[in-house]
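Enquirer: Okay, handing you the structure first.
The values are calculated or read from the model by the stated rules, or taken from the named source; none is laboratory data. The shown structure was predicted, so the numbers you read here are calculated from the model rather than taken from an experiment. For neighbour counting, all protein chains shown are included, and Cβ atoms are generated from backbone atoms with ideal geometry for every residue, glycine included. Accessible surface areas use protein heavy atoms only, side chains included; no ligands, DNA or RNA. Shrake-Rupley method; radii C 1.70, N 1.55, O 1.52, S 1.80 Å.
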Amino acid sequence: MVGRVVAIGGSWGGGAALGRVLASLPGDLGAPVVVALHRYPGASRLAEQLGRHGPLAVADAEDKQELWPGCVLLAPPDYHLLVEGGMCVLSIDEPVRYSRPSIDVLFESVADAYRSRAVGVLLTGASEDGSAGLARIQARGGLTIAQDPASAECPIMPRAAIEAGAVGRVLGLEEIGEALVSACATEDVGVEEGAR
Amino acid sequence: MADRDRGYGEPELEILEIELLLEGIHRHYGFDFRGYAYSSLKRRLWRVMAEEHLSTVSELQSRVLHDEACMERLLRALSINVTAMFRDPDFFVAFRDKVAPLLRTYPFIRVWNAGCSTGEETYSLAILLAEEGLYERTRIYATDINDAVLERAEAGDFPVEKASEYAQNYLKAGGSGAFSDYYATREGTARLSRRLKDNVVFAQHNLVSDRSFNEFHVILCRNVMIYFGRPLQDRVHGLFYDSLDRLGILGLGQKESIRLTRYEGYYEPLDVHHRLYRRIG
Ligand SMILES: C[S@@+](CC[C@H](N)C(=O)[O-])C[C@H]1O[C@@H](n2cnc3c(N)ncnc32)[C@H](O)[C@@H]1O
């Protein structure tokens, strides 16, 4: 049985927010983490900086690189990141909603590849990117989480997803880490929720 | 579990439909997209489906097979030609520092720029080689699957609005002159100087189905194989290996690595970070 995957998207303020989430994750997280942050093409040291926040190693994704539990792989600047067959796939297709990397592109590929085993997390941002992708993860039975807009540096992005009805749980940054740990310890949220 | 994915379609079924579509296109029209990476290809199919007002890949298959004009539209949509002059300037700095000195030892230099799109990468390389005093003894063979982009590449025009971005890239790429020396502007279009075209040959070549056509000292293929699945990448690496001189140089895109292919052992890194490799075996 293939395990879960965690996909995280962030825009304005997303780097700092992701750093706090990473700080609350253990070194033995049982699932790979893939990330799309709207970042400047020049921000080539982002992975290194994020890696200092917690025990998980962070790197820019390479094309066709395999995912492994506990990896944190970022969409490189100016590339879309998609996931397929347990691997990273990069593309330089046009920006989507003015963004490359696009959070929707990542989330939608994760929704199709992992279905109810996908966990999508949308952090702070001044954009509406991510809502469509979260909706797709949710429709496929995955778990969707948005950062509480009240605590977000910029509430627009998580609020848009909540208003679109695409969010299962609204959480503060501290609680997101915990939720991820417990989700990654169970095989399938669909089953877990069905059992309740 | 999920109640049939609420309107999003079955992902496994869609993959089957894509396989059938690509098989049909290959058998009927001869274009072979079967080894491409599905996740990125799928998004472009979705776009075509929206434009054609179709809701499934199977419907698209039917239209494409019965309507040649639709096949043309699909081909255009599947072709991603995004490029820029001196894209990833650091790559060109590394090329100047690590590759140019090696090329100086050759009396004649053959370069293959595979997947050249509209030519921006090719002309960037021509400028670099000219500044290193190597261009006069170089021939660049620039190829792409798409003949429409090759026509534009041959013209050597770019929109004037791009000039300042390109000039910045050029400087970051270690340019030793002024970027404006390499083009002339007329009516909103910038045309690259004749000299940069003199030693360049543009030609159609399909990396999936065509063979090696020469032996090269340098092959650049950047941001093309990211659209291929792994088995196809391995095949194309085989083609490059066969087309490289014994100590030839291979340059890949910023986030592509020889490490993830079957050909890792045949190259040594010249600059790992900038994806420059040298054939050793
Ligand atoms: C994204 S562009 C890259 C352009 C340039 N190398 C760069 O990095 O700026 C990809 C190019 O690969 C070409 N391509 C795609 N499949 C190909 C194939 N099977 N054979 C040759 N070229 C192909 C496309 O037509 C497109 O022009």
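Enquirer: Identify all residues within region B:140-153 that are buried (at least 16 other Cβ atoms within 10 Å of the Cβ), out of contact with any helix residue (DSSP H, G or I) (no Cβ under 6 Å at 6 or more places or on another chain) and either more than 23 Å from B:Ser209 (Cα to Cα) or of a type outside the set (Val, Ile, Thr) (or both); write none if there are none.
Expert: Passing the criteria: B:Tyr141, B:Asn146, B:Leu150, B:Arg152, B:Ala153.
Enquirer: Which numbered condition in (1) out of contact with any helix residue (DSSP H, G or I) (no Cβ under 8 Å at 6 or more places or on another chain); (2) within 14 Å of chain B (Cβ to nearest Cβ); (3) closer than 26 Å to A:Ala23 by Cβ is the only one that A:Ile137 fails?
Expert: Status for A:Ile137: all satisfied but (1).
Enquirer: In region B:54-68, is there at least one residue being farther than 25 Å from B:Tyr170 by Cα and either basic (Lys, Arg) or within 14 Å of the ligand (Cβ to nearest atom) (or both)? Outline the logic, then answer.
Expert: Let us first name the residues in region B:54-68 that are farther than 25 Å from B:Tyr170 by Cα, namely B:54-68.
From the residues that got through so far, the ones that are either basic (Lys, Arg) or within 14 Å of the ligand (Cβ to nearest atom) (or both) too are B:63.
There is at least one residue in region B:54-68 that is farther than 25 Å from B:Tyr170 by Cα and either basic (Lys, Arg) or within 14 Å of the ligand (Cβ to nearest atom) (or both).
Enquirer: Please list, ordered by residue number, the helices (runs of 4 or more DSSP H) wholly in region B:59-176 having 2 or more residues that are closer than 30 Å to B:Glu14 by Cβ.
Expert: Numbers: elements: B:68-78, B:89-94, B:100-103, B:120-131, B:147-155, B:163-172.
Fully inside region B:59-176 and qualifying: B:68-78, B:147-155.
Enquirer: While we're here: Select from region B:98-134 the residues that are farther than 23 Å from B:Glu165 by Cα and in contact with a strand residue (DSSP E or B) (Cβ under 9 Å, 6 or more places away or on another chain) and list them in ascending order.
Expert: Restricting attention to region B:98-134, the residues satisfying the condition of being farther than 23 Å from B:Glu165 by Cα are B:98-112, B:114, B:133-134.
B:Lys98, B:Val99, B:Leu102, B:Leu103, B:Tyr106, B:Phe108, B:Ile109, B:Arg110, B:Val111, B:Trp112, B:Ala114, B:Leu134, listed by residue number.
Enquirer: Which one of B:Arg47, B:Arg87, B:Arg96, B:Arg34 is surrounded by fewer than 18 Cβ atoms within 10 Å (Cβ to Cβ) and either out of contact with any His (no Cβ under 7 Å at 6 or more places or on another chain) or within 14 Å of chain A (Cβ to nearest Cβ) (or both)? First the steps, then the outcome.
Expert: Working: B:Arg87 fails: surrounded by fewer than 18 Cβ atoms within 10 Å (Cβ to Cβ); B:Arg96 fails: surrounded by fewer than 18 Cβ atoms within 10 Å (Cβ to Cβ); B:Arg34 fails: either out of contact with any His (no Cβ under 7 Å at 6 or more places or on another chain) or within 14 Å of chain A (Cβ to nearest Cβ) (or both).
That would be B:Arg47, the only listed residue that is surrounded by fewer than 18 Cβ atoms within 10 Å (Cβ to Cβ) and either out of contact with any His (no Cβ under 7 Å at 6 or more places or on another chain) or within 14 Å of chain A (Cβ to nearest Cβ) (or both).
Enquirer: Could you list, in sequence order, the residues of region B:242-281 that are under 17 Å from the mean Cα position of the chain (by Cα) and either within 14 Å of another protein chain (Cβ to nearest Cβ) or not in a strand (DSSP E or B) (or both)?
Expert: Of all residues in region B:242-281, those under 17 Å from the mean Cα position of the chain (by Cα) come to B:243, B:249-258, B:274-276.
The answer is B:Ser243, B:Leu252, B:Gly253, B:Gln254, B:Lys255, B:Glu256, B:Ser257, B:Ile258, B:His274, B:Arg275.
Enquirer: I would also like to ask the following. Take region B:179-192 and flag every residue that is under 27 Å from B:His274 (Cβ atoms) and open to solvent by less than 40 Å² (accessible area, probe 1.4 Å). Reasoning before the result, please.
Expert: Initially, region B:179-192 is screened for residues under 27 Å from B:His274 (Cβ atoms), giving B:179-183, B:192.
Across region B:179-192, the qualifying residues are B:Phe179, B:Tyr182, B:Leu192.
Enquirer: Restricting attention to region A:107-123, and to residues there that are under 12 Å from the mean Cα position of the chain (by Cα) and either more than 10 Å from chain B (Cβ to nearest Cβ) or among the hydroxyl-bearing types (Ser, Thr, Tyr) (or both), which single residue is surrounded by the most Cβ atoms within 10 Å (Cβ to Cβ)?
Expert: Keep residues of region A:107-123 that are under 12 Å from the mean Cα position of the chain (by Cα), which gives A:107-111, A:118-123.
Pick out the ones that are also either more than 10 Å from chain B (Cβ to nearest Cβ) or among the hydroxyl-bearing types (Ser, Thr, Tyr) (or both) and you get A:107, A:109, A:118-123.
On the way: A:Phe107: 35, A:Ser109: 28, A:Ala118: 29, A:Val119: 25, A:Gly120: 32, A:Val121: 30, A:Leu122: 32, A:Leu123: 31.
Once the filter is applied, the top-ranked residue is A:Phe107.
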